[in-house]
Amino acid sequence: MTKPHPNPTRSASLAFAAPARVAAAWVAWLLTFSCALAGPDNTVRPFRIPAGPASEALKQFAEQAQREILFPSEPVGDVRTPRVIGDYPPREALDRLLAGTRLRAVEAADTGGFVISTATAAPKNATDAPLSQKPMKTKDTKSILAAIAGWFALGAATAMPAQTPAAPAAGTATEQTVQLTAFEVASTRDSGYRATNSVSGTRVNVKLMDVPQTISVLTSDFIQDLGANNLDEALIYTSGVGTSGFFAGEYTIRGFQIGSPRRNGISFSTTNAIDTSVVDRVEVVKGPSSALYGTGRPGGVLNIITKQPQARRSSSVETSVDSEGSLRSELDLTGPLTKENAFLYRMIVAGQNQQSTRDFGKRESWHLARSLRWNVRRGPHPTTVNVTAEWLRVPNMTSSDERFPQVVESRSAPVGSNLTRVIDIATGYVPGLPRDFNIAGPNARRTDDEQYFEATLTHTFNDHLSARVVYSDSQRHQVRFTQFANGSLKRDAAGNLPRTIPIQSWRSDGDQWNRTLRGDLSYAQAFSHAKVDAVLGAQDTRAAGDNSIFRNLRRPVFNLFAPTAADYNLGSFPADYNHLVLQRTASRGQQVNGVAHAQLFGDRLSIIGAANRDFVRSGVQISPDLRASGGQAPSVVTVPRAAFDSFQGGFAFRVLPGATLFYSYSESIQSNGAQFPNNPQEGTGHEAGVRIEALGGRLSGSLSFFNVERTNIPRRDPNLPVPIDRLSGKERSKGLEIDVFYFPTDALQLVANYTDMDPVVVSNTASPVTEGSLIDSTFPRAFNAFAKYTFKQGPARGLYLTLGGNHRSRMRPYGTLENLYLLEHPAYTVVNGSIGYTWKRGAQDWHASLAVKNAGDKFYYTDTSIPAESRVAVFSVGVKF
């Protein structure tokens, strides 16, 4: 009998001193004992076992599954097994491995070990076809598969997420029909709030334990349980992430703004957060990532993975109403178009009339998403085509995102040789105004039209080589008509503040489009002692924008404490709008990058390296045309061709079966445009930490230490009579993050994270007065927690409770300006909670919930100096069938 150890490579990888070896063995024994108490580990794991002799394949299975396996040496000697490449629970992976052979496996219920035996009727040796390609042609087998598929669909579709980290049932019809490629990841393999794999850290599907940097994942279950209508409400529960800017969909990671998120790894044009109805999961890659995603910022990358067509027919409808009178409805339809599942479809419609707790604030929107998947070729080497078309319409939005009026004081702000320079610096907000104050008024409005198209062709050539080609086209048109405070208030000699403030109204009309073509070639090879993945990619992106801004500078002052209809009169357009700024931009960027990932020593050591070259081909900017001054000829600036290089590398070493140490170094490059075409902003990041996975997957988490820096930052030089930027100084953010996922029982899920960092302006030669202050839109400390308890038995079965909270320390508002460096928002804590109930009626799954957002009615400012929403109660009801 051959009895491979669950981790045969554990013995001789490192030469520990005797005490360290004893301590490591003791910790490993404790983890093993804890896992045994929790039962067999059914966590989804990555398997890469090539076709070959059964004896070698079973040994590799034991290593990759971390399971004990017993098999007789002689009967398996002449058996060949098919390849198994993908993410499966151990039981399913072993079934696929033994499919079509005379071997059978029996699992021990207590330890999870497997015993291999020989079947009485031995079929022929297996080919390379997976299990799903050779189903048994019997009525009983079809009935069993149908029953399993029905159970899986029920568990995946219910509003109450799976409360156990166990994976979905093995051999589901959906998973067998829709084979995932190396470039895809399925949320159906997540364990409730915990994700096991990611595609954002390497551009191919890799287990999170093997990625040498921190990647936070918001699963579909978590977003749904939050009742989030936009990603802002969900991302605040992610360590190191904050909102940034005046529009939804703008964020910071570890103290640095990240620009626009990615969609399925591709950039797109939008000023609105993607509606959560189309979001499958969100992956946040921490730290500089230009080697993977091209020019970008040092904080990281936010990658939104959208919902895709499914092989099993499913429909869902959900409606919600809140205490402010908001109404929202969603419809989600998916399933096959043909009997052989060659074509799958999905259509999602979402509409809402959202009311704000601030005066005059509201937002009407419609979102339509249609997608089609064509399984051109199935089997071990599939070919698929995915096409998605989306349309977003915001016909009426009354702006509620103008800054709260500020109070300024004269303070010393020396620059260079001018040591007596004094400027007005904001130190707070106008007191006495109601928290729902909105200076924009009822006449302000905004409309948006956005379209998105994406087509993806994925082809698997053989067991080792696959390719993907993606084309995306996003377009946006926005008209914005609003007013804002054109200045601040300053106390007189007696300490009194004026009761009026200068006002300015403006109208903007902008168009923007972004077209990207990307190709990736992936190679995977499993050797006897190593596994290698490599991805070579190239990308071409073209973007253009046209924005006209009209200003009315002849407005009367605004009466802050007793506004009248005249204060909200925006004037007549275009007669009263004599100040025009016209901006047109066009750019083209090209990228070539490569990523290599190797696993050695029985998957204990994972090494990743990446390199990228970006080409900024062209860029044109025309600005301004100031008609108020009698007209000025537009200026045209062409950005010459420039090339930028960036690198990334790191390793993850599994010191124990459930503990991995990791380190990474990464770089970011961001073009500084026409002024400094060959001197881009440069970012560097160092990160080291540990990940744990214990108790059969019920306990997992990470501790990471990071240091991110950015240099070559364009700053407005206040010492010059003409506004001119110059490269100046450095910003740095260093600290730690702790993420914990704990599922002590099938009924309880606990998620918590803590961030402690020091995001500061290290040096700023253009404005030294800001040195030592916080980077804008950042917070030094944050704590987030969320818990859900579901009653599994008794008369309360189906009832669930959730409780979540967010704490933010002091924060500097958005806008890196020297006259704002003293303005900081105080710390705050927000609590959210809900109660819900799920039940089944016939073939339908119903759910209803009552959620309270900002339950304590906490007043605080967002990073853009806008008061946050007050307490709101939301009632939702939905059905899936």
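The values are calculated or read from the model by the stated rules, or taken from the named source; none is laboratory data. Keep in mind that what you see is a predicted model, and the values were worked out from it rather than measured. Here Cβ is always computed from backbone atoms with ideal geometry, including for glycine, and neighbour counts include all displayed protein chains. With ligands, DNA and RNA removed, areas are computed over all heavy atoms of the protein, side chains included. Shrake-Rupley method; radii C 1.70, N 1.55, O 1.52, S 1.80 Å.
Of note:
- THR276 being over 29 Å from HIS847 (Cβ atoms), modelled with pLDDT under 90 and either out of contact with any Ser or Thr (no Cβ under 7 Å at 6 or more places or on another chain) or open to solvent by less than 20 Å² (accessible area, probe 1.4 Å) (or both): no
- Members of the stretch 504-534 found to be touching a helix residue (DSSP H, G or I) at 6+ places or on another chain (Cβ under 9 Å) and crowded, with 17+ Cβ neighbours inside 10 Å, listed by number: ALA526
- ILE258 open to solvent by 10 Å² or more (accessible area, probe 1.4 Å), modelled with pLDDT of 85 or more and more than 22 Å from ALA350 (Cα to Cα): yes
- Hits in the stretch 668-702 - residues which are open to solvent by 40 Å² or more (accessible area, probe 1.4 Å) and among the acidic types (Asp, Glu): GLU682
- Count - residues of the stretch 824-860 that are under 30 Å from THR427 (Cβ atoms), surrounded by fewer than 15 Cβ atoms within 10 Å (Cβ to Cβ) and in contact with a Phe, Trp or Tyr (Cβ under 6 Å, 6 or more places away or on another chain): 1
- Hey, SER356 in contact with a Lys or Arg (Cβ under 7 Å, 6 or more places away or on another chain), closer than 28 Å to ARG507 by Cα, crowded, with 17+ Cβ neighbours inside 10 Å and in contact (Cβ under 8 Å) with a residue 12 or more places away in the chain or not: yes
- Count - residues of the stretch 759-785 that are open to solvent by 10 Å² or more (accessible area, probe 1.4 Å) and at pLDDT 95 or above: 3
- Candidate set: the stretch 335-353, residues that are of a type in the set (Val, Ile, Thr) and under 24 Å from the mean Cα position of the chain (by Cα); chosen: the one least open to solvent (accessible area, probe 1.4 Å): ILE348
- Filter result (part of a loop (DSSP other than H, G, I, E, B), open to solvent by 40 Å² or more (accessible area, probe 1.4 Å) and among the basic types (Lys, Arg)) within the stretch 550-582: ARG554
- Among the residues of the stretch 814-856, those that are in a loop (DSSP other than H, G, I, E, B) and among the aromatic types (Phe, Trp, Tyr) comprise TYR814, TYR821.
- Flag for ALA467 being in contact with a His (Cβ under 6 Å, 6 or more places away or on another chain) and in a strand (DSSP E or B): yes
- The one condition in (1) modelled with pLDDT under 80; (2) of a type outside the set (Asp, Glu); (3) in contact with a Phe, Trp or Tyr (Cβ under 9 Å, 6 or more places away or on another chain); (4) part of a loop (DSSP other than H, G, I, E, B) that ALA248 fails to fulfil: (3)
- The number of residues in the stretch 273-321 that are more than 26 Å from ALA342 (Cα to Cα) and of a type in the set (Lys, Arg) comes to 2.
- Extreme residue, most open to solvent (accessible area, probe 1.4 Å), among residues of the stretch 795-819 that are at pLDDT below 90 and over 30 Å from the mean Cα position of the chain (by Cα): ASN819
- Among the conditions (1) closer than 23 Å to GLU687 by Cβ; (2) part of a loop (DSSP other than H, G, I, E, B), the only one that PHE783 does not satisfy is (2).
- Residue within the stretch 531-549 that is part of a loop (DSSP other than H, G, I, E, B) and over 30 Å from PRO46 (Cβ atoms) present: no
- Considering (1) surrounded by 23 or more Cβ atoms within 10 Å (Cβ to Cβ); (2) of a type in the set (Gly, Ala, Ser); (3) modelled with pLDDT under 90, the lone condition that ALA228 does not fulfil carries the number (1).
- Count of the stretch 861-881 residues which are closer than 19 Å to GLN355 by Cβ, open to solvent by 20 Å² or more (accessible area, probe 1.4 Å), part of a loop (DSSP other than H, G, I, E, B) and at pLDDT 85 or above: 3
- Counting only strands (runs of 3 or more DSSP E) that sit completely within the stretch 655-761, those holding 1 or more residues that are out of contact with any helix residue (DSSP H, G or I) (no Cβ under 9 Å at 6 or more places or on another chain) and of a type in the set (Val, Ile, Thr) correspond to 676-694, 699-716, 725-745, 748-757.
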